[in-house]
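Single-structure report; data block below.
Rule-based calculations on the coordinates, nothing more; no lab input. It should be emphasised that the depicted structure is a prediction, and the values quoted were computed from it without experimental measurement. Here the Cβ is made from the backbone with ideal geometry for all residues, glycine too, and neighbour counts use every protein chain on show.
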Amino acid sequence: MIVHAPYARMLGIRTVAGEAGAATLMMPAAPSLEGRAGFLYGGVIASLLELACLEAVAQESGHPRPKPINMSFDFLRGGMMIDSYAQARLVRVGRQVVNIDAICWQTDREKPVAIGRMHLLLD
Amino acid sequence: MAEEEDAFERLKNLPLRGHHALLGIYTVDNGPDWAELACPFAPGFLMDVESGLVSSGPIISLVDAAAGAAIIARTRQWRGMATLDLHIDYLRPARAGQALHARAHCHHVTRKVAFTRCNVHDGDADRPIASATASFFFMEGA
């Protein structure tokens, strides 16, 4: 479980019950996660998206340790200092490469704070 | 009245707060259009204690900080900005116990947008662990 990793614990991330099939990660706001005053740090939001991808691939691909190739993030609106949620979806599981996308939202899933796409290598 | 402080000096002298404080981010060096920031390794950076696998989260956060600093190094202006997008390529795993260094260049600035490139290493600049690009938007009235 990704949430047991020291890094996920440092950010205070935990798993919450989400829609069937996909694990949802939740990160409560904390002063140590703040960027410019009143907003979550962009790098923290990106990290939450990446952990959601790793959690999804661990749960669904059955592969013990896929290697991250790269990841892209779009920051859509400022993250408020409130709970953030992230969920990832395996878009394609190939023989060697997994494509995943992830979404981060706060109060309204239809108004995402950030989205991400990740490639992982299975070898 | 004292002369206005240079924007990059102001950045360097800001008291550490928020996520920068959690990671212990500090400025290593800077030039006319670049900045190198670093943070010491912490056990909280690990994904897995047994294997010593380092999470890429602190690397992303350090890139975000270094890219913002590079923009201030180039523009010498203190303006509110938001990260529009960021792309990071993972070149090799970071080694547990090593400080992370990110050197970002701001290679272009328009009225509203700044473009940056960044290399990250964990002790040997010739063996980068990640490279990244990020663009930033200057916010109105901020």
**Prompt:** If a residue has to be within 16 Å of the chain's Cα centre (by Cα) and either of a type in the set (A, V, I, L, M) or under 30 Å from A:L54 (Cα atoms) (or both) to count, how many in segment B:8-54 make the cut?
**Reply:** 21
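Quickly run through segment A:36-88 and pick out the residues that are among the small types (G, A, S) and in contact with a strand residue (DSSP E or B) (Cβ under 8 Å, 6 or more places away or on another chain).
As a first pass, look at segment A:36-88 and keep what is among the small types (G, A, S): A:37-38, A:42-43, A:46-47, A:52, A:56, A:58, A:61-62, A:72, A:78-79, A:84, A:86, A:88.
Within segment A:36-88, A:G38, A:G42, A:A46, A:A52, A:A56, A:S61, A:S72, A:G78, A:G79, A:S84, A:A86, A:A88 meet the criteria.
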**Prompt:** Mind checking which residues of segment B:109-142 are of a type in the set (A, V, I, L, M), more than 13 Å from B:I59 (Cβ to Cβ) and not in a strand (DSSP E or B)?
**Reply:** B:A125, B:M139, B:A142
**Fill in**
Note on segment A:59-101: residues free of Cβ contacts under 8 Å to residues at least 24 places away in the same chain, of a type in the set (K, R) and away from every other protein chain (no Cβ under 14 Å) are A:R92
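If you take the residues in segment A:9-25 that are more than 8 Å from every other protein chain (Cβ to nearest Cβ), closer than 23 Å to B:P43 by Cβ and aliphatic (A, V, I, L, M), which one is farthest from the chain's Cα centre (by Cα)?
At the first step, the residues of segment A:9-25 found to be more than 8 Å from every other protein chain (Cβ to nearest Cβ) are A:12-25.
Next cut, closer than 23 Å to B:P43 by Cβ only: A:12-15, A:25.
Applying the additional criterion that residues be aliphatic (A, V, I, L, M) yields A:13, A:25.
Numbers: A:I13: 10, A:L25: 7 Å.
The qualifying residue farthest from the chain's Cα centre (by Cα) is A:I13.
Here's the yes/no breakdown for (1) closer than 27 Å to A:G79 by Cα; (2) touching a Lys or Arg at 6+ places or on another chain (Cβ under 8 Å); (3) among the small types (G, A, S):
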| site | (1), (2), (3) |
| --- | --- |
| B:L22 | yes, no, no |
| B:P58 | yes, no, no |
| B:G68 | yes, no, yes |
| B:A73 | yes, no, yes |
| B:W78 | yes, yes, no |
| B:H87 | yes, no, no |
| B:L100 | yes, no, no |
